[in-house]
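Report on one structure; see the data block that follows.
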Amino acid sequence: MSTERVQEVRQFGHRARLALTPAQIRLMDDHAHAARTLWNCLHDWWTMLPKDKRSLAAADVAIRQARKDIDWLGVLPAQAAQAVLKTYFQAWKNCWDRRADAPNFKARLRTVMSVDIPQGRDLNITRVHRRWGMVQIPRIGRVRFRWTKDLPVGKRADIDNRITGARLVKDALGWHIAFRVQTFEARPERHTGPDVGVDAGVALPLALSDGNHQNHGRPPRLPDGTADRDKWLNPQEKTKLLGLERRAAQRKQHQERGAKTSRRLRHTYDQIKQLRAKATRRAVDWQHKTTTSIARQYGIVVVEQLTIKNMVKSAKGTTEEPGRNVAQKSGLNRSISQEAWSRTVTMLTYKTARHGGTLHKVPAPGTSQRCSACGFTTPGSRKDQATFVCKNPDCGWSGNADHNASRNILHLYRMGHALIPAAGRAVVRRPRGAKPATAR
């Protein structure tokens, strides 16, 4: 019997922080604005041109001529300009295949500043020491970046293990580089760990059916009962954020309507964005560590099929039929959005596959109202977001509401109620002879 393991290609991304000088930051900003303007010019050219004259070759000729005629478009490297063209055409293909909307105009204030480096061989990555590396950015020069992951560079790089390209992205915390990494590694063996049901909640972020709950230790509510939208910030940062928001409101109050935003107000907005970005980064870091731990420990992970967009709809209603408990529903929507359940499921999907496990989804209706001990749904059992007490006189089970839901989720999977994506919709596959989901 052969013991050789099947090799497969794995592609993933790795993002690192760049250490740029003020002059390099200005150059990077110019490149990003040129790339955005080139996209807008290409979009106008494409939409105004007759359909019989639209082609990739014609667009390439128009871009080359525009970079020659307009000086500030010429600062963008040629390969980055070609990447804009390829990305634009791919956006139209996604639209024609009904995978996305049609590409549109990119506004200056609502567009993420980014520049693509399509060729990995141009990066010339070297490691300086344990914490820093060096990368060659076209028309910028050698730039240091934070080394937090071993990359296939130098002697470790070959045709199967290499960096195929990168993308420069700017957020509230500065410029970052996202490497596109391709590796050739053995396919993971089948994970033999136990099955677990996972329920995403507000009071308890991730409740597991075996009681190994994952909690980030940050309460979703303030002492007065309102939702804490800044729970990932420490008290000093919360105080600073409150002062910045008050300062921004005061400066905006004294600004004339329709006038250009002052430099001081923009600086205050930038400081607020930095604190918000820091909180988001902490939340994503916790999600990565938690989902990695779950993928390593369990072989089969079962979650609910949730439609987050419908869950966070506003309760305001209309003028004729106003909604009820609008403030409470608004706080709940904010708490759900902060937990980012969809991102957690996405991480679990590819991390379980990487460790040899699988992720399954089951229907969500009834999982939080049904008792996991007796299988009956009795009105009034779900008291609040954190407590479940079965009203069945023959049962009387009580415990955490999210833990009860996670046990129901795992039971639905074991009874054959896993959802199978087919033709864009979820279909329930129940094995022959399986009992109803309410049976215990």
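The values are calculated or read from the model by the stated rules, or taken from the named source; none is laboratory data. Model, not experiment: these values are computed from the prediction. Note that each Cβ is placed from the backbone with ideal geometry, even for glycine, and that neighbours are counted across all protein chains shown.
Residues to consider are Gln119, Gln90; find the one that is free of Cβ contacts under 8 Å to residues at least 40 places away in the same chain and either under 30 Å from Asp158 (Cα atoms) or under 23 Å from the mean Cα position of the chain (by Cα) (or both). Give the derivation first.
On the way: Gln119 fails: free of Cβ contacts under 8 Å to residues at least 40 places away in the same chain.
The unique qualifying residue is Gln90.
Residues Asp195, Asp158: which one is among the acidic types (Asp, Glu) and within 30 Å of Pro77 (Cα to Cα)?
Details: Asp195 fails: within 30 Å of Pro77 (Cα to Cα).
Exactly one residue qualifies, and that residue is Asp158.
If the condition is being over 28 Å from Asn215 (Cβ atoms) and outside any helix (DSSP H, G or I), then the range 242-298 contributes His254, Gln255, Glu256, Arg257, Gly258, Ala259, Lys260, Thr261, Ser262. Test Leu241 against the criterion of being of a type in the set (A, V, I, L, M, F, W, C) and not assigned by TED's automatic domain parsing to the domain that holds Ser114, and give yes or no. Taking the combined requirement at face value, the residue satisfies it.
Which fully enclosed strands (runs of 3 or more DSSP E) of the range 135-207 have 3 or more residues being touching a residue at least 12 places away in the same chain (Cβ under 8 Å) and surrounded by fewer than 19 Cβ atoms within 10 Å (Cβ to Cβ)? Even if it seems obvious, please write down each step before you answer.
Values: elements: 141-146, 162-171, 174-186, 195-200.
In the range 135-207, 141-146, 162-171, 174-186 are the strands (runs of 3 or more DSSP E) which contain 3 or more residues that are touching a residue at least 12 places away in the same chain (Cβ under 8 Å) and surrounded by fewer than 19 Cβ atoms within 10 Å (Cβ to Cβ).
In the range 107-118, the condition of being assigned to a loop (DSSP other than H, G, I, E, B), of a type in the set (Lys, Arg), out of contact with any Lys or Arg (no Cβ under 8 Å at 6 or more places or on another chain) and assigned by TED's automatic domain parsing to the domain that holds Thr21 is met by at least one residue. Given the condition of a type in the set (D, E, K, R), buried (at least 17 other Cβ atoms within 10 Å of the Cβ) and closer than 22 Å to Ile409 by Cβ, answer yes or no: does some residue in the range 309-324 qualify? No: the range 309-324 contains no residue that is of a type in the set (D, E, K, R), buried (at least 17 other Cβ atoms within 10 Å of the Cβ) and closer than 22 Å to Ile409 by Cβ.
Residues in the range 351-365 that are assigned to a strand (DSSP E or B) and among the basic types (Lys, Arg): how many?
Qualifying residue count, the range 351-365: 1.
Against the list (1) over 30 Å from Ser372 (Cα atoms); (2) not assigned by TED's automatic domain parsing to the domain that holds Ala83, the condition Val153 fails is (2). Here His360 fulfils each of the conditions (1) modelled with pLDDT under 90; (2) closer than 30 Å to Pro379 by Cβ apart from (1).
Within the range 2-18, identify whether any single residue is assigned to a helix (DSSP H, G or I), among the hydroxyl-bearing types (Ser, Thr, Tyr) and without any contact (Cβ under 8 Å) to a residue 24 or more places away in the chain, and answer yes or no.
If we filter the range 2-18 for residues that are assigned to a helix (DSSP H, G or I), which is where we start, we get none.
Within the range 2-18, not a single residue is assigned to a helix (DSSP H, G or I), among the hydroxyl-bearing types (Ser, Thr, Tyr) and without any contact (Cβ under 8 Å) to a residue 24 or more places away in the chain.
Residues in the range 93-106 that are of a type outside the set (Gly, Ala, Ser), free of Cβ contacts under 8 Å to residues at least 60 places away in the same chain and part of a loop (DSSP other than H, G, I, E, B): Asp97, Arg98, Arg99, Asp101. Please work out which residue is surrounded by the most Cβ atoms within 10 Å (Cβ to Cβ), limiting yourself to the range 277-295 and to residues that are small (Gly, Ala, Ser) and touching a strand residue (DSSP E or B) at 6+ places or on another chain (Cβ under 9 Å). It comes out as Ala295. Can you pull out every residue in the range 33-92 that is outside any helix (DSSP H, G or I) and either among the aliphatic types (A, V, I, L, M) or closer than 20 Å to Asp116 by Cα (or both)? Within the range 33-92, Leu49, Ile70, Val75, Leu76, Pro77 meet the criteria.
Screening Val9 against (1) of a type in the set (A, V, I, L, M, F, W, C); (2) under 26 Å from the mean Cα position of the chain (by Cα); (3) within 17 Å of Ile177 (Cβ to Cβ) leaves a single unmet condition, (3). Residue pairs whose Cβ atoms lie under 8 Å apart, separated by 6 or more positions or on different chains, with the first residue in the range 399-410 and over 10 Å from Ser209 (Cβ atoms) and without any contact (Cβ under 8 Å) to a residue 60 or more places away in the chain and the second surrounded by 24 or more Cβ atoms within 10 Å (Cβ to Cβ) and charged (D, E, K, R), do not occur. Per the conditions (1) modelled with pLDDT under 90; (2) more than 18 Å from the chain's Cα centre (by Cα); (3) surrounded by fewer than 16 Cβ atoms within 10 Å (Cβ to Cβ); (4) small (Gly, Ala, Ser), the sole criterion not satisfied by Ser337 is (2). None of Leu73, Leu49, Leu85 is exposed (fewer than 15 other Cβ atoms within 10 Å of the Cβ) and either touching a helix residue (DSSP H, G or I) at 6+ places or on another chain (Cβ under 8 Å) or modelled with pLDDT under 90 (or both) except Leu49.
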